Every structure is written in C-alpha cells, then in structure tokens.
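Please read the structure below before turning to the comments.
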Amino acid sequence: MRTLKDFIKHLRENKLREVAIYNLNVIKGMDIPLIKLLQQKGVLKSLDDEATIQMTVDSMSKSLLAIIEGTALQNAKISLQQWKEDKIPGIGKNEIQPSDLILVYAAQKKTYQHFLPDFASDTAEAMAILGELEDFQTEVQNDAIQMLFTIQKETELKLKETETKFRLMVQNVKDYSIIMIDTEGNIQSWNEGAQYMNGYSVEEVIGKNISIFYTDEDKENGLPAHNLNIAKKTGHFEAEGKRLKKDGSTYWADVTLTAIYDEGEKLVGFSKLTRDITKQKFAAEELRSLNNFLDSVLENIPNMVFVKDAQDLRFVRFNKAGENLLGYPKKDMLGKNDYDFFPREQADFFTSKDQAVLNQNDIINIPEEPIETKNGLRWLHTKKIPIVSPAGRAMYLLGISEDITDIRNAKLQLEQKTRELERSNSELEQFAYVASHDLQEPLRTVSSYVQLLASRYKDKLDKDANEFIDFAVDGSKRMRQLINSLLEYSRVNRVKPFEWMELKEVMSDIEKDMKDQIKESGAEIIYNGLPKIHGDVVLIGQLFQNLIGNAIKFRGTKKPEIKITSKKKNGQYLFSVKDNGIGISKQYSEKIFIIFQRLNSREKYPGTGIGLSICKKIVERHGGKIWVESEAGKGSSFNFTINAE
Amino acid sequence: MSSYKRIRPINILLVEDNPADVRLTQEVFKDGKIRNNMSVAMDGEEAMLYLLKKGKYAEVQTPDLVLLDLNLPKKDGRTVLAEIKSDDLLKFIPVIILTTSAAEQDILNTYSNHANCYIMKPVDLGQFITVVRSIEDFWLSIVRLPKIEE
C-alpha cells in the first residue's frame, strides 16, 4: 500500500503547477489576514498573476520535497526561526498571528486533500494517507504555533521589561524632575528628581496642582495658568523662573512643558521636565559680578588704560582716567584709531610703538611721549604690552599711561634749579677762593704793621696801648689761620687728575710730616693692609692727616691710640679712623662737618673749625660719604667711603 | 768779608705798587746790617724808565739788586723781568721776585725768564724780617756782585 510520501511525490512530479494554483485559490477563498497584509504592503500583488504562481510553485516544490525527505518539520522550524529573528522580508515578526499559521496550514491540507481521491487506489489507501497527512500537518502546525507563541511571548516580555526599565529610569532620574500632569496641571506621576528638587514625596504630591511650585508673587500674577495655557495652545512651553520647594526655599528652574495627545489627537496632559539651574544662575551671577569687579578695577585705575585690537589697532577698551586725560568720551574712542584723534606725527609714533610691541611680542616702556589732548599738550609715561592667545598669536595691545606732565615740569624745574645751584655753588667757591686769596694782601699789611708796632713801641707807650697791641696781634694771627683754612677748603674742588696711590706710602709721608705732634703726644698709629686707591694724592693725604691730627688733638688723658682699617664693600672702600680720645656726643655728630663749626673752646683746642668740613668735601669729591660713630668720653670712629675704582 | 766794608752803600730798586709793602720793606732794610739806598718804582713802566735812565731818571745809578713784585699796574712784573733779562746792559742785575703769588706757573715762568730767585712774601712780620736778612746775607754779603759802572 502506498503512503503519504508516495502521494506527495506524485503531486510534486505530476501535479505541481495544478497544486500551486489550487492552493492559491483556496487561500483566496479563506481571507487570511497575513495574506491581506502582504498584499497591502505590496509584497504580493494579486494571487492570480504568473509571478505569484511561479513563486508558489517554487515554495510548494521545496515544501513537498521536505515532506518526502522527512525534513518538513525542520524546515518549518528554520522558517520560524527566521521569523523570530525578524529576517523574513516584508513582514515583521509581530505581524504574524497563530491564526495565520492555522489558516495557511489548513489551506495546504485542503489542497492536498483535493488531489488525494485521484491518487488513491482505494478508500483504505486514501484514508491511510489522509490520516498520515492530518497527523503530519497537525504536528507541523502545532510545532509552528508553539514556536510562534514562544516568540511572541519573548517579545512581549521584552517589551514589558523595556517599559519597566523606562519607568524606573524616569523615576530614578535625580537631576531632572520628570512628571506628568493633566490638562489642568494636576500632578499624575512623580519621579526621584522631582522629589529631590521639590522635597515632596510621591504620596504628598499626586493630584496636587503644579501651582504649589510657584512663588506667591507668581501665583498672584496668575503665572501657573498662563504658562499652562501657552502649552495648551502651542503644545510647548519653556521658561526659566524661581520655583518653591516644600520647605519654602526657592531655586532657579528651567521648565519645559510638552503636550501629550492620545491616538485621537486629543490633549490628555503634559510632560513637565524641570532642571534646577540655581548653580548655573549662581555661576552666571558670579561671572557677572566678577566682570563688574574687573570693570570697576579698570575704571578706577588712576592711569589711562586702553586696549587696542592687534589686527587694526582700533580701541576696544578705554577707561575713565583715559577719558579724563584725553578729553574724549569712551564712545567716541571705541572703534577708532590714533589717526582719528592725534596729529599725524604723534599718531605715527604711537602706531610704530604698537607695531614694535606686537612684532617683538614684548613689553615696551616709553618713558616720555607727548600727546595732544583736548586739554592741550600732555606728557605720558607709557607701557605697552602684547596680549597673546594661548596659541601665541597677538590678540590685543594693552597700554597703560601715566600723565607725567606735572612731574616732568617739576623735574625740568628741578634740573634748572640744580644747574643754577651748581653754578652759584661754583661761583661761591670761586668767590671764597678769590676772597681768601685777595684778603691775604691787606691781612699781611695789617698783621705786619701791628707786629712792627709791637716790636718798636711795646712798653714805650702806656699799659692800655700794650693791651690793645696784643689784641690786634692776636686778631690778625687768627684771621690768617681762618683765611688759610678757607683757601684750603675752596681748593678741594679744583680739579686735578686722579691717580693710583699706595695708602701705606701716603701714611708714612703723613707720619713724617706729623713727626713732632706724634712724638710730643706719644701717639701710636696702627694700620695694616691698606689698599691701593684711585684719587687726588694731595687731598687724600690731607684727609688722613686732618683725621689723625684731630685724633691727637682731641686726646683725653690717655696716650692717643689711632687705628686705621679698611674693607671693600659694594665697589667702595670703607675706611675707619678710630681713636680713644674725648669723643663727641651724638647730638653733634652731624654738626661737626659743617664749616666753621666748633664744639670746644678755642683756648683749650685751638683751630678754625674747618678741618672736618674739608674732610667731608674731599670724601665727597671721591664719591663717598663720611660720618662719625662716637660717644662723649669713649673715643670716636670716623668712617668714610671712597670709590674703589 | 770785604762786603761789610763797602765804600758805597748798595743800591736797591724795589718795584712794588703797594705803599704799605714799600714802607715795610724800607723799614726792614733800614734796620738791616747793610747800608743801602732803596729806590722805589710803583709800577712796571716806571721801573723800566728807572733802569733805562730815561726822563727824570737820567741821573740815577744802576741798581745792584732789583726786588720785583709780579702783579703791577701798567706793565706787570713778568714783562719787566723779561725786558731786563733781554737787555744786554741790564741782564746781569740780580732780580729777586718778591710776590704774594704762589702759582706754580709764575714760579716756573719767572725762572725760565732768568729770575735769580723767587720769594713768596711771608704774611708774618717775623718771617718777613728773616727773609730780608737772608737776602742781605746772601745777595749783599756772600754773593759777589758785578761791579756797576757809575
């Protein structure tokens, strides 16, 4: 007896086209949704055209072969697997329903049944094949449906899972308040972010109106309804504003309302997305206040500050001091360049300096530059500085100018005064020299005749005459000393070329000159390692001799001990002539260097009071300073510096 | 020495514009050991007229010694010295520069012009007397001067 396989083989070999056409007709009569869908999508045109027939013939041939070879079930699984993976062209896996499969298989069964009577040799054979066919079809169909269910379940689960995840995600977002409200603004859903931002828990807030987030002032102004109305009309509303938290504090919110419509395009509510932008607002505020601060710094700088564009040297910033200095308001300056304001010559100068700054990429200092302002000619001390981008390209030129007109005038006046002073000083010196020189002549006459008078007429007149003559002789002697000292003093600045000298040689000459004084006083003069110095030999000798002479002259009860030391410091030699004499009280330590200043009585310490002022002049002529460190009764240390070169 | 027993007094020409100095010099020489006739010329021109025996000086004797100040009116001492030393009849007369000038330039120049010695006038009378005595001792006693034709 022949089996289902024989029947199928028969169909495939002899009746394939007929079977396919019949199958299409059956399908046509069955109104299968899947087929309709395929036709809707244009995958299938009509069920009568040749292309569809041929396609059906091909697929029928394959499925019949599968039945013959016993791989039908497997093939069905493969097809369903393709479905599962969404690989069937033109149809999504969600678009197939179990009913589709049942109908397709039913159509197949009906087709095969139709051809069975012609094939079967008897009823028993037909019944057997029919049974086999039914079993086979049922098995295949059940498996397919089973698989379809599995696939659809998986998909559904996944969808559910995605929805859950999405819901959780929305709920858990903390940085944004994402809530749903109905058309009247009543809260429908609430997320973590909303709770975090506003402080309300979900139980507290569901059903409440969003007006609870608005400040009293905003509520009075009807802002909640106003905003909602805009969203209703336009489907969208976006704004920044102050919002209220549960605890009454406020924050800055960036709010977006988006309308939600149902399938019938009816408004059902809004999604409300809110972000807390307090920090950003604060940062912006901070930036603004920083800007204001920098602005006020710039504006309050009492020097003119300007910034020019590096490209075309036009003013882009200008401060108040600049306005005052130049006499032009800021608005006139900005966007203009030097040629719009200053004489060509000056503008050329400014511009050339600007370009030098930008070319060298380095600060330039212009100690003095004239500038023609609305208020007349002024003089500036200007610094120009390049401002470069991080990439090293010059962006701007920064200028800072100080108005030095007054200082400059004062300086010029001072220079003038100094010149006058120098001239009058040298005139005075000249005068002192000439005067003291010319005084010598009459002095000599007076002093000579007084002495002549004394030698011839002393004791020949009366007692008064003797006394008068004595006073006259004394006076003329003293005058001679003074005039000699004055001459010496005014000679210090008579320029003589400097030369190198060994100080120890100078010292030994002095010791020879002062032999008598040293011997008489028992003075000990100690000096070691004195350097070679550059100066006027005569003056330097005079300096040391004066100081040593003073140390001997102003000795106390002890034998004078005079120590001369030197050390080099900052390009100068520092000398010290130290004694153990009577010393000088601090209050006089400046006074003693003034010409004709005496601290002691003439009877006890004779002298003109000019020696130390000569010392001071000599030291100054050698680029140094002289001062004394002393205390009454404790000796003195005369210190002075002299340029080492 | 025989000079102490000179038959005739020494003739000295003092060229000096300052009357006080003239008198003082005369006084000091008067007190000196050596007999002398001191004539005075108050400026350089007068000195030259005297030496060249011109005008009112036609009868004077040529001096044995000239004491010459440098700073003089009309013709100054430097010129007078130069003229004396370039005149064959006068250049043998010793010329002693007696001045207040301490200028190195003056010292050098006068010696270059054959001054016989350079003395700075001391301010102190005692010293002046010493100087005058030294002049006497040296120039009028020790030194043998040429014999002046009358």
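List of remarks:
- When every residue of segment B:81-97 is checked against the conditions, none turns out to be among the basic types (Lys, Arg), within 19 Å of B:Asn37 (Cβ to Cβ) and away from chain A (no Cβ under 14 Å).
- Residues of segment A:21-45 classified as of a type in the set (Gly, Ala, Ser) and either modelled with pLDDT of 75 or more or assigned to a helix (DSSP H, G or I) (or both), total: 1
- Reported count of residues in segment A:516-527, each being in a loop (DSSP other than H, G, I, E, B) and surrounded by fewer than 15 Cβ atoms within 10 Å (Cβ to Cβ), is 1.
- Of all residues in segment B:91-150, those that are closer than 18 Å to B:Leu13 by Cα and acidic (Asp, Glu) total 4.
- Filtered residues of segment A:302-314 (kept if assigned to a loop (DSSP other than H, G, I, E, B) and over 18 Å from A:Trp379 (Cα atoms)): A:Ala310, A:Gln311, A:Asp312, A:Leu313, A:Arg314
- From B:Val123, B:Val131, residue being within 15 Å of the chain's Cα centre (by Cα), outside any strand (DSSP E or B), within 14 Å of another protein chain (Cβ to nearest Cβ) and within 28 Å of A:Arg491 (Cα to Cα): B:Val131
- Considered as a group, the residues in segment A:21-32 that are touching a Ser or Thr at 6+ places or on another chain (Cβ under 7 Å) and within 23 Å of A:Glu95 (Cα to Cα) include one that is surrounded by the most Cβ atoms within 10 Å (Cβ to Cβ), and that residue is A:Asn23.
- Enumerated strands (runs of 3 or more DSSP E) restricted to segment A:173-246, each holding at least 1 residues that are crowded, with 17+ Cβ neighbours inside 10 Å and touching a residue at least 40 places away in the same chain (Cβ under 8 Å): A:176-182, A:236-244
- Condition check for A:Gln280: of a type outside the set (Gly, Ala, Ser), in a helix (DSSP H, G or I), more than 20 Å from the chain's Cα centre (by Cα) and closer than 30 Å to A:Thr250 by Cα: yes
- The residues of segment B:17-36 that are buried (at least 18 other Cβ atoms within 10 Å of the Cβ), part of a loop (DSSP other than H, G, I, E, B) and more than 10 Å from every other protein chain (Cβ to nearest Cβ), listed by number, are B:Asp17, B:Ile34.
Table: residues versus (1) closer than 17 Å to A:Lys308 by Cβ; (2) surrounded by fewer than 16 Cβ atoms within 10 Å (Cβ to Cβ); (3) of a type in the set (D, E, K, R).
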site: A:Gly327; (1), (2), (3): no, yes, no
site: A:Asp348; (1), (2), (3): yes, yes, yes
site: A:Gln355; (1), (2), (3): yes, yes, no
site: A:Gly376; (1), (2), (3): no, yes, no
site: A:Pro386; (1), (2), (3): yes, no, no
site: A:Pro390; (1), (2), (3): no, yes, no
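- Residues that are buried (at least 16 other Cβ atoms within 10 Å of the Cβ) and among the hydroxyl-bearing types (Ser, Thr, Tyr) were ranked within segment B:109-120; the one that is farthest from the other protein chains (Cβ to nearest Cβ) is B:Thr110.
- A single member of B:Val80, B:Val123 is buried (at least 18 other Cβ atoms within 10 Å of the Cβ), within 22 Å of B:Met48 (Cβ to Cβ) and of a type in the set (A, V, I, L, M), and it is B:Val80.
- Residue within segment A:459-478 that is in a helix (DSSP H, G or I), among the acidic types (Asp, Glu) and farther than 30 Å from A:Ile595 by Cα present: yes
- Looking only at residues of segment A:451-476 that are within 18 Å of B:Val131 (Cβ to Cβ) and crowded, with 16+ Cβ neighbours inside 10 Å, we find that the one that is farthest from the other protein chains (Cβ to nearest Cβ) is A:Leu452.
- Total residues in segment A:419-439 satisfying the condition of being within 14 Å of chain B (Cβ to nearest Cβ) and in contact with a Ser or Thr (Cβ under 6 Å, 6 or more places away or on another chain): the figure is 1.
Table: residues versus (1) free of Cβ contacts under 8 Å to residues at least 12 places away in the same chain; (2) part of a loop (DSSP other than H, G, I, E, B).
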| position | (1), (2) |
| --- | --- |
| A:Leu414 | yes, no |
| A:Lys417 | yes, no |
| A:Asn425 | yes, no |
| A:Leu452 | yes, no |
| A:Arg480 | no, no |
| A:Ile483 | no, no |
| A:Val495 | yes, yes |
| A:Glu505 | yes, no |
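- Filtering A:Leu486, A:Leu530 for residues that are touching a helix residue (DSSP H, G or I) at 6+ places or on another chain (Cβ under 8 Å), surrounded by 17 or more Cβ atoms within 10 Å (Cβ to Cβ), under 25 Å from B:Ala102 (Cβ atoms) and of a type in the set (A, V, I, L, M, F, W, C) leaves a single hit, A:Leu486.
- Odd one out for A:Thr557, checked against (1) over 58 Å from the mean Cα position of the chain (by Cα); (2) assigned to a strand (DSSP E or B): (2)
- Within segment A:315-358, the set of residues being assigned to a loop (DSSP other than H, G, I, E, B), within 21 Å of A:Ile404 (Cα to Cα) and of a type in the set (S, T, N, Q) comprises just one member, A:Asn319.
The values are calculated or read from the model by the stated rules, or taken from the named source; none is laboratory data. As the structure is a computational prediction, the values presented were derived from the model and not from experiment. Cβ sites come from the backbone with ideal geometry, for glycine too, and all protein chains shown count toward neighbours.
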